[in-house]
Amino acid sequence: MLSNEAEHFLLQLRLELASKGKKDEDIDAIEAELRDHLYEAESRGESVESVTGGSVKDYIKSISNELPFDKGIFSFMFLMLISILALLAIPRLISGDLDLSLNRLIFYAIIIFVLAPLELWILKTLLVRHGDTRTIYVFGFIMSIIMIAVMTIGELLLSKFPSKSLANIDDKYSLIIGLILSLIFFVVCIILKNWFFIGVLVYIIMPELIPKFFTSGNPKNEDYINASLITYTVMNVLFGTIAFIYFKRDMKKDNVKR
């Protein structure tokens, strides 16, 4: 077993290499090699600093040039951007409640290009500083609540202070456009073999899609709202169970490696 200091250094190393666009396979190889060196050093009573030099950035400088840049990071960033757009637009297209007003477009742009990158940067900084500790989970939970609160307050303000709509889409065509965009997104994710974003889109559209076909289809009617809430609850239980099983299995793999 490695010391907490060594594990923290390895976590910092992974995060820094990933942020520099290095391939997962190369990162795994570097971590495995360094883990062995750290284990041997600590077995002899030597410090982590004697192997790494103490600084993650200095250590990375000595190896980063040997690692090829992972162009797949661009496809991931593209999918991340598209996923945020999908999260904001596709459910509203399916429900027929999309408002293409200037204020809403500005609000969405702030979320996509300012708030989302800022949240990711803060989480990465906290992970590097604190490692895999309870502090990270607390901050992650707080930031998620803040993001949800910002989006909720933003939606309320948009409803209270509406601006001129730039375009109006008929409910029928809105549903068709939403389904076509969803299909295109699925195909792109399958081609790039990124199943995570498929799960994200399924999670956000099902609470709108199922009520659209099995109720009156009006988002303001009680039967639509109830069906949407039931679907949302089922999706939460399903995805929560899948996430729990995945992380539990992942933790077992990490324990075996250590």
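The values are calculated or read from the model by the stated rules, or taken from the named source; none is laboratory data. Note that the coordinates shown come from a computational prediction; the quantities given were computed from them, not determined experimentally. Note that each Cβ is placed from the backbone with ideal geometry, even for glycine, and that neighbours are counted across all protein chains shown.
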### Query
Name the residues in segment 84-120 that are in contact with a strand residue (DSSP E or B) (Cβ under 8 Å, 6 or more places away or on another chain) and of a type outside the set (Gly, Ala, Ser), would you?
99, 100
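Condition check ((1) modelled with pLDDT of 85 or more; (2) closer than 23 Å to residue 81 by Cβ; (3) among the aliphatic types (A, V, I, L, M); (4) surrounded by 11 or more Cβ atoms within 10 Å (Cβ to Cβ)) across all residues:
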{"site": "162", "(1), (2), (3), (4)": "no, no, no, yes"}
{"site": "179", "(1), (2), (3), (4)": "yes, yes, yes, yes"}
{"site": "184", "(1), (2), (3), (4)": "yes, yes, yes, yes"}
{"site": "219", "(1), (2), (3), (4)": "no, no, no, yes"}
{"site": "240", "(1), (2), (3), (4)": "no, no, no, no"}
{"site": "251", "(1), (2), (3), (4)": "no, no, yes, no"}
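Considering every residue within segment 17-24, establish whether at least one is outside any loop (DSSP other than H, G, I, E, B), of a type outside the set (Lys, Arg), over 24 Å from residue 126 (Cα atoms) and at pLDDT below 80.
No, because not a single residue in segment 17-24 is outside any loop (DSSP other than H, G, I, E, B), of a type outside the set (Lys, Arg), over 24 Å from residue 126 (Cα atoms) and at pLDDT below 80.
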### Query
Is it the case that residue 180 is within 17 Å of residue 88 (Cα to Cα) and within 24 Å of the chain's Cα centre (by Cα)?
yes
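So that you can scan it fast, the table gives a plain yes or no per residue for (1) of a type in the set (Gly, Ala, Ser); (2) under 21 Å from residue 94 (Cβ atoms); (3) surrounded by 16 or more Cβ atoms within 10 Å (Cβ to Cβ); (4) modelled with pLDDT under 85:
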{"residue": "190", "(1), (2), (3), (4)": "no, yes, no, no"}
{"residue": "193", "(1), (2), (3), (4)": "no, no, no, yes"}
{"residue": "208", "(1), (2), (3), (4)": "no, yes, yes, no"}
{"residue": "257", "(1), (2), (3), (4)": "no, no, no, yes"}
### Query
Somewhere in segment 137-156, is a residue among the charged types (D, E, K, R) and either over 20 Å from residue 116 (Cα atoms) or in contact (Cβ under 8 Å) with a residue 12 or more places away in the chain (or both)?
no
### Message
So residue 120 passes all but one of these: (1) closer than 22 Å to residue 199 by Cα; (2) in contact (Cβ under 8 Å) with a residue 40 or more places away in the chain; (3) surrounded by fewer than 17 Cβ atoms within 10 Å (Cβ to Cβ). Which condition number does it fail?
### Response
(2)
